[in-house]
Each structure stands twice: as C-alpha cells, then as structure tokens.
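Chemist: Structure below; questions to follow.
FYI, it's all coordinate maths here, none of it is from the lab. Computed from a prediction, not measured in an experiment: that's the story for all the values here. Neighbour counts are summed over all protein chains in view; Cβ atoms, including those assigned to glycine, are modelled from backbone coordinates with ideal geometry.
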C-alpha cells in the first residue's frame, strides 16, 4: 500500500475505533484512563509527521497498540472478548488480553527508541544499541506501573478495572516481564524489517528533494 494511503487508513481506523469505544463503555473512568495515551499521541504524531516522519512499520505497530488500548478502554482489559477466546483456546486461568497489551508495550517503545537513536546517530555498536533500546522500553514499563499504582491509591476500588489484576498478586511483575519479552522480540525478530522500513523513508526524502529541485528550476 502506498505510504500516504496507509497512514490515512491507520488514522481513520484509530479515530473511528476511539469514537465507537466512547459509546456505552463498561466503565467511563477506566475508558478515559485507557484511551488518554491515544488521545495525546495521535495529534503529537500528526504534528511531528512532516518534521520527523517515523517508519511505516512503527506507524502500523502504533496503530495496533492504539486499537488495543481503545478496546481495553471500552470493555476493560479483563473483559475484552478476544481475551476470553484466547483464554479458552489456550486453557488459561485468566483473560490474557492485558498481557498482550504489555507485550506491545515492550515492542513499540523499543522500536521507537531504536529509530530515534539510529536515525539521529546517537548510539553505535552491535550490542549497545539493543541494550539501550530494551532498557528504555523497560523504563517506560516501570513508569506505567507506577502510574497504575498512583491510580490505585487515588481511586481505591474504582481502579480495579484499570489495573486488571484479576486476583494475581504478581500482576505487576508479570506485566513487566511481558514488556521485557516484547522488547527482546523487537530487538531480535523485527530488526531487519525495521531497517528496511527506515531505509524507505530515506529514499522517499531523496525523491521529494529531487522533485523540489526540478520544480525550483
């Protein structure tokens, strides 16, 4: 798919899903807290798109993560239907949808960190770069868990749906472990695909510069 069409499609999907999720959510407070990152990041990405466009791979993964948050906000994470299907299929004791969310919470930030560091030539080295990217993803995961802790303290019982613990006393540790798995997966399985996606941006910029040069003549 042509990149401009891909981006417009992703934006439309996220916006439509966001609007649909606002219709009779299971818990209005939980919905607001879950979709808030999407509401903040969507205009931020639109604003920075011309100055520093991200790779198509990252935009796709960001859209997937946004759709996941929107679904979790509408149903609450322990009640998302896809999670119940996975629970039955894998014969699990709980709805694993929130674990998938935290897995993506490792994948996406790790790739964002990698893209910023590679394209701005901030970190070099075969081993140092993935280490820094995984570390930054885990820092974000830890911050998110602190936000959940603060929500639990401020909202009391009203934070249960947002936390999505489902009775698991080790939920925080399991969430961070899923984020670690996600970041490691990104740094091993998605590196070559990410490199090709970033290279495509460079080619597009060169083509645009050449067109602008011809127009100026």
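Chemist: Tell me, how many Å apart are the Cα centres for the range 107-135 and for the range 1-44?
Modeler: Rounded to whole Å, the Cα centres lie 27 Å apart.
Chemist: Could I ask something else about it? What does the helix-only formula give at 222 nm for the chain: each DSSP H stretch with n ≥ 4 adding -39500 (n - 2.57), the total divided by the residues, and the result rounded to the nearest 500 deg cm²/dmol?
Modeler: One gets -26500 deg cm²/dmol as the mean residue ellipticity at 222 nm.
Chemist: Once a ≥ b ≥ c are taken as the square roots of the eigenvalues of the Cα gyration tensor of the chain, is the result rounded (a/c under 1.5), prolate (a/b larger than b/c) or oblate (a/b not larger than b/c)?
Modeler: Judged from the Cα gyration tensor, the chain comes out prolate (a/c at least 1.5, a/b above b/c).
Chemist: Oh, and also: Helix 171-189 against the longest principal axis of the chain: what's the angle in degrees, Cα atoms only, rounded to the nearest 10?
Modeler: The answer is roughly 20 degrees.
Chemist: Give me the angle, in degrees from 0 to 90, between the Cα long axis of helix 128-155 and the longest principal axis of the Cα atoms of the chain, rounded to the nearest 10.
Modeler: Approximately 40 degrees, to the nearest 10.
Chemist: Among 68, 101, 83, determine the one that fluctuates most according to a GNM of the chain built with springs between C-alpha atoms less than 10 Å apart.
Modeler: In the Gaussian network model the winner is 83.
Chemist: Specify the angular offset, from 0 to 90 degrees and rounded to the nearest 10, of the alpha carbon long axis of helix 81-90 from the longest principal axis of the alpha carbons in the chain.
Modeler: It is inclined by approximately 80 degrees.
Chemist: Let me ask something additional. Output the relative contact order of the chain, whole-number percent, from Cα pairs under 8 angstrom with separation of 6+ residues.
Modeler: 25
Chemist: Now a separate question. Going by how many other beta carbons lie within 10 Å of each one, how would you line up 172, 48, fewest first?
Modeler: Fewest-to-most ranking of 172, 48: 48, 172.
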